[in-house]
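Q: Below: one structure in structure tokens.
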Amino acid sequence: MKLNRKQYQDKVRGCWIGKNAGGVLGAPYECLRQINRVDFYSQDLSMGPPANDDLDLQIVWLAAVEKYGRRVNASILGEYWLSYIIPNWVEYGTAKANLRAGLVPPLSGEVANVYKNSNGCFIRSEIWACLAPGHPEIAVRYAYEDACVDHAGEGLYGEIFFAAVQSAAFVESDHRKLISIGLSYIPEECMMRKAIEAAISCYEQGTDLYEARKIIHNTAPGTFGIQGQRLKDIQTGGDNEGMELGMPGFDAPENVAFTVAGWLYGEGDFEKSIVFANSLGEDTDCTAATLGATLGILLGAEALPEKWTAPLDDRIVTMCIDLTSKGVWTPKTATELTDRVIRIMPGFLGVEYCDILAPQGMEITCLEGEELFCQKGTGFLYQLNSHCIDEEIPLDKLIGQGSYVVRNDFPAMHVYVDYQDSVFFKKGENRCLKVSVTNAFYLNEQQWVSIKVHVPEGVEMISPSCVELPLNNLSGSCAETMIEFNADMYQGARLELLIQCSLSGRHSQGIVPVVLKRM
């Protein structure tokens, strides 16, 4: 399957225009549990569109990609969070606090994060889809790196789902197949899948949309629409409309499923779909904006209704980017944003998939058919400017490994530190960590790896502080060791260890910092 430059440009621009339209439609109804019976913008747009925070973070991510290319990862995105993103609310604020406390991704998205299952990252999927058109297996890798900075579990699955759907939408037009592609990338037993399947089931059975709203909610009860209500009113019935009371912050499954329901019941029509998504309430600017972006990719900018595009005049307005810091240039229009994505995409996608010297102009080679679904149990390789870059870990393993396993990439190896489901240590108990080392795919050889632990005064090693282990180059092989220590005599509340990994006969080393907190 091939995309030419004109087709690609139309779809990318459609993505950002559709995103903006849905966000503007839904913004006045955010955080309300009610049916919103409106069929057009309700704001005064005479001075231009209002700010859209659903676009802000993706502009910052684009700036990171413009500097680091395919090397961008969760650590780099975390630094951009701290430098350029203003909000300190809910999951954003928790992640920033964790990063400042030395808890690296994916720990930053998990630890003490009540809102790790909320909506703040599924609204950021479009940038990865636009940089990897027709390659959901690549888009999902970067969506994971993005999401794990400030989310975990269901929140993370939401961004992965939409990154896969939107990347595939560059080459696949069947909305039912696109939803199935997205589902193939998330765990079978997660609540995200159950909520989406509830939306599909309601549509297939002809359930009224607003009855479907209650069924979807009670499948995975969220709390986004009752944030402004008093708990005692909710518990006694109040305005909760018979909907079950969910756990605080557990919002992504319901809102992703509302987005899917709007799409299904709107039958792919841009206006009907975003209006239906908005009508279901809860996090309306996110649901309508994400659906608007998805349909914008499917239809292209030229096919979007002028009724919805003309009032916004191509303009986008930001609100969450710290414009006093150097490093992020904020585009004023969807066209400017599109042009920047087009410029960086060939280097991001690589020469294997994007030929800028093709006789007919830029040509993008995309996956198609069953290739668009998650290929479980397999890694993949890609090329960047003729240099092969590996991603050996299978996608399903990466997504399912949990938020307490931190991956560190070095030229000749990958080092994984498993925190064993906690970032704490306490007096009277020994503390264990598991360290695993694998070969980097293209540099691998049969060799020996040295794993050495450096600890501060007051920490007693129970296991050996240094081991040397064989490292095979067979697929899936690794060198593993358990590190056990006792910190009863350590005086600080913050414990910092260094794990030094080196390969015999190679000059490069990996130094991995580990931060633990006293409980």
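Q: So in the range 110-156, with the set limited to residues that are in contact with a Pro (Cβ under 7 Å, 6 or more places away or on another chain) and within 29 Å of residue 367 (Cα to Cα), which one is surrounded by the fewest Cβ atoms within 10 Å (Cβ to Cβ)?
A: 152
Q: A further question on this structure: Could you list all residues from the range 113-142 that are hydroxyl-bearing (Ser, Thr, Tyr) and in a loop (DSSP other than H, G, I, E, B)?
A: Once the filter is applied, which keeps residues that are hydroxyl-bearing (Ser, Thr, Tyr) and in a loop (DSSP other than H, G, I, E, B), the range 113-142 yields 115, 118, 125.
Q: Among 456, 464, which is the only one that is at pLDDT 95 or above and closer than 15 Å to residue 517 by Cα?
A: Among 456, 464, only 456 is at pLDDT 95 or above and closer than 15 Å to residue 517 by Cα.
Q: Then there's this: If a residue must be more than 17 Å from residue 173 (Cα to Cα), surrounded by fewer than 24 Cβ atoms within 10 Å (Cβ to Cβ) and aliphatic (A, V, I, L, M), how many such residues does the range 286-332 contain?
A: 7
Q: With the condition being of a type in the set (A, V, I, L, M) and under 22 Å from residue 73 (Cα atoms), I'd like the strands (runs of 3 or more DSSP E) fully within the range 402-515 carrying at least 2 qualifying residues.
A: 405-410, 413-418, 431-439, 494-503
Q: If you scan the range 159-188, which residues turn out to be surrounded by 19 or more Cβ atoms within 10 Å (Cβ to Cβ) and in a loop (DSSP other than H, G, I, E, B)?
A: Those that are surrounded by 19 or more Cβ atoms within 10 Å (Cβ to Cβ) and in a loop (DSSP other than H, G, I, E, B): 169, 170, 171, 172, 185, 186.
Q: If you check 475, 508, which single one turns out to be touching an Asp or Glu at 6+ places or on another chain (Cβ under 8 Å) and surrounded by fewer than 14 Cβ atoms within 10 Å (Cβ to Cβ)?
A: Step by step, each of 475, 508 is checked, and only 475 is touching an Asp or Glu at 6+ places or on another chain (Cβ under 8 Å) and surrounded by fewer than 14 Cβ atoms within 10 Å (Cβ to Cβ).
Q: Among the listed residues 476, 458, 492, 505, which satisfies the condition of being under 29 Å from the mean Cα position of the chain (by Cα) and not aliphatic (A, V, I, L, M)?
A: 476
Q: Could you grab me the full set of residues in the range 150-180 that are aliphatic (A, V, I, L, M), over 20 Å from residue 13 (Cβ atoms) and touching a Phe, Trp or Tyr at 6+ places or on another chain (Cβ under 6 Å)?
A: If the condition is that a residue be aliphatic (A, V, I, L, M), over 20 Å from residue 13 (Cβ atoms) and touching a Phe, Trp or Tyr at 6+ places or on another chain (Cβ under 6 Å), then 160, 164 are the ones that fit.
Q: Please indicate, with yes or no, whether at least one residue in the range 143-156 is in a helix (DSSP H, G or I), closer than 28 Å to residue 94 by Cα, at pLDDT below 95 and assigned by TED's automatic domain parsing to the domain that holds residue 16.
A: No, there is no match, as no residue in the range 143-156 is in a helix (DSSP H, G or I), closer than 28 Å to residue 94 by Cα, at pLDDT below 95 and assigned by TED's automatic domain parsing to the domain that holds residue 16.
Q: Anything in the range 246-284 that is closer than 17 Å to residue 162 by Cβ and surrounded by fewer than 24 Cβ atoms within 10 Å (Cβ to Cβ)? List them, or say none.
A: Passing the criteria: 264, 266, 268.
Q: Still on this model: Of these, 250, 258, which one is under 26 Å from the mean Cα position of the chain (by Cα), modelled with pLDDT of 95 or more, of a type outside the set (Ser, Thr, Tyr) and not in a helix (DSSP H, G or I)?
A: After ruling out the rest, the residue left standing is 250.
Q: Hey, another quick one. Inspect the range 478-494 for any residue being under 17 Å from residue 446 (Cα atoms), surrounded by fewer than 20 Cβ atoms within 10 Å (Cβ to Cβ) and not assigned by TED's automatic domain parsing to the domain that holds residue 106 and give the result as yes or no.
A: The answer is yes; a qualifying residue exists.
Q: Moving to a separate point now. Which of the following residues is in contact with a strand residue (DSSP E or B) (Cβ under 6 Å, 6 or more places away or on another chain) and hydroxyl-bearing (Ser, Thr, Tyr): 477, 465, 422?
A: Residue meeting the stated conditions: 465.
Q: Also, quick follow-up: Given the conditions (1) surrounded by fewer than 20 Cβ atoms within 10 Å (Cβ to Cβ); (2) in the same structural domain as residue 8 (by TED's automatic domain parsing), and given that residue 368 satisfies all but one, which numbered condition is not satisfied?
A: Answer for residue 368: the failing condition is (2).
The values are calculated or read from the model by the stated rules, or taken from the named source; none is laboratory data. Small disclaimer: the values here were computed from a predicted structure and weren't measured. With ideal geometry, Cβ positions are generated from the backbone for all residues, glycine too; neighbour counts draw on all protein chains shown.
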